[in-house]
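Following: one structure in structure tokens, then a few remarks.
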Amino acid sequence: MLSSRQVYANSWMTVREDTIRRSDGTHGIYGVVDKPTYALVIPRDGDRLHLVEQFRYPVRERCWEFPAGTAPDRAAVDPADLAVRELQEETGLVAARMELIGRLDVAPGMSSQRGTVWLATGLTAGPARREATEQDMRSVWFASDEVEAMAVRGEITDSQTLAAYLLLQLHDRR
């Protein structure tokens, strides 16, 4: 990198433009979206998985996803603590056991954001503690085969949720 300048910032992300020198010596630019590490949680009770549905402004539709999120104000939070917080915040569930089952890069061609994927088991229900922007969120249990059918039908399109489901399948095979 030859130089870098921030071109935008808000409480959740920054955008920077980096001037680079490629391996062949030519110069170019990269626009990079910087966001803090997120935690995605797969709540599982036997063969049931818990998903949340919420409106996603960039795609202008409601999306089914596993509970996930980052800390406000781009704060650096321990991923395990973030996973516990996101699970309870979005679903009201508290897990007796949280197991790290993988890591994901959101969009490595344009973003620095990385995520951790957690399997939550031994779940106890309680009240959700959603942020103001999450008040329209729905939270529902689905059988694993229904989650797969939803993905096939295009009802689950969130790439992190689909990738996390693959990590869960690989985890279960071990």
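The values are calculated or read from the model by the stated rules, or taken from the named source; none is laboratory data. Note that the structure is predicted; figures quoted are calculated from it, not measured. Neighbour counts run over all protein chains shown; Cβ positions are idealised from the backbone, glycine included.
Looking at the range 26-38 only, could you name the residues that are hydroxyl-bearing (S, T, Y) and in a loop (DSSP other than H, G, I, E, B)? Lay out the reasoning, then the answer.
Within the range 26-38, the subset hydroxyl-bearing (S, T, Y) is 26, 30, 37-38.
Within the range 26-38, T26, T37 qualify.
From A76, A95, A9, A68, grab the single residue that is out of contact with any Leu (no Cβ under 8 Å at 6 or more places or on another chain), in contact (Cβ under 8 Å) with a residue 40 or more places away in the chain and of a type in the set (G, A, S). Give the steps one after another, and end with the answer.
On the way: A95 fails: out of contact with any Leu (no Cβ under 8 Å at 6 or more places or on another chain); A9 fails: in contact (Cβ under 8 Å) with a residue 40 or more places away in the chain; A68 fails: out of contact with any Leu (no Cβ under 8 Å at 6 or more places or on another chain).
Checking each option against the conditions leaves just A76.
Could you tell me whether any residue of the range 4-17 is assigned to a strand (DSSP E or B), under 26 Å from G154 (Cβ atoms) and modelled with pLDDT of 95 or more?
Residues of the range 4-17 that are assigned to a strand (DSSP E or B), as a first pass: 4-9, 14-17.
If we keep only those that are under 26 Å from G154 (Cβ atoms) as well, we get none.
The answer is no; no qualifying residue exists.
Any idea which of G122, G154 is on the phi > 0 side of the Ramachandran plot and not in a loop (DSSP other than H, G, I, E, B)?
Details: G154 fails: not in a loop (DSSP other than H, G, I, E, B).
Every option except G122 fails the conditions.
Among the residues in the range 129-139, are any under 13 Å from the mean Cα position of the chain (by Cα) and either outside the structural domain of V84 (by TED's automatic domain parsing) or within 28 Å of D34 (Cβ to Cβ) (or both)? Step through it out loud before you land on a result.
Going through the range 129-139, the residues under 13 Å from the mean Cα position of the chain (by Cα) turn out to be none.
There is no residue in the range 129-139 that is under 13 Å from the mean Cα position of the chain (by Cα) and either outside the structural domain of V84 (by TED's automatic domain parsing) or within 28 Å of D34 (Cβ to Cβ) (or both).
Of the numbered conditions (1) surrounded by fewer than 19 Cβ atoms within 10 Å (Cβ to Cβ); (2) of a type in the set (S, T, Y); (3) under 24 Å from E148 (Cα atoms); (4) free of Cβ contacts under 8 Å to residues at least 60 places away in the same chain, T121 satisfies every one except a single condition; which is it?
(4)
Which residue out of L123, L104 is under 14 Å from A163 (Cβ atoms), modelled with pLDDT of 95 or more and touching a Leu at 6+ places or on another chain (Cβ under 9 Å)? Before you say what the answer is, go through the steps one by one.
Numbers: L123 fails: under 14 Å from A163 (Cβ atoms).
Of L123, L104, the one residue that is under 14 Å from A163 (Cβ atoms), modelled with pLDDT of 95 or more and touching a Leu at 6+ places or on another chain (Cβ under 9 Å) is L104.
If we only count strands (runs of 3 or more DSSP E) wholly inside the range 39-117, which ones have 1 or more residues that are surrounded by 13 or more Cβ atoms within 10 Å (Cβ to Cβ), more than 16 Å from the chain's Cα centre (by Cα) and in the same structural domain as Q135 (by TED's automatic domain parsing)?
Details: elements: 48-56, 61-65, 94-105.
Hits in the range 39-117: 48-56, 94-105.
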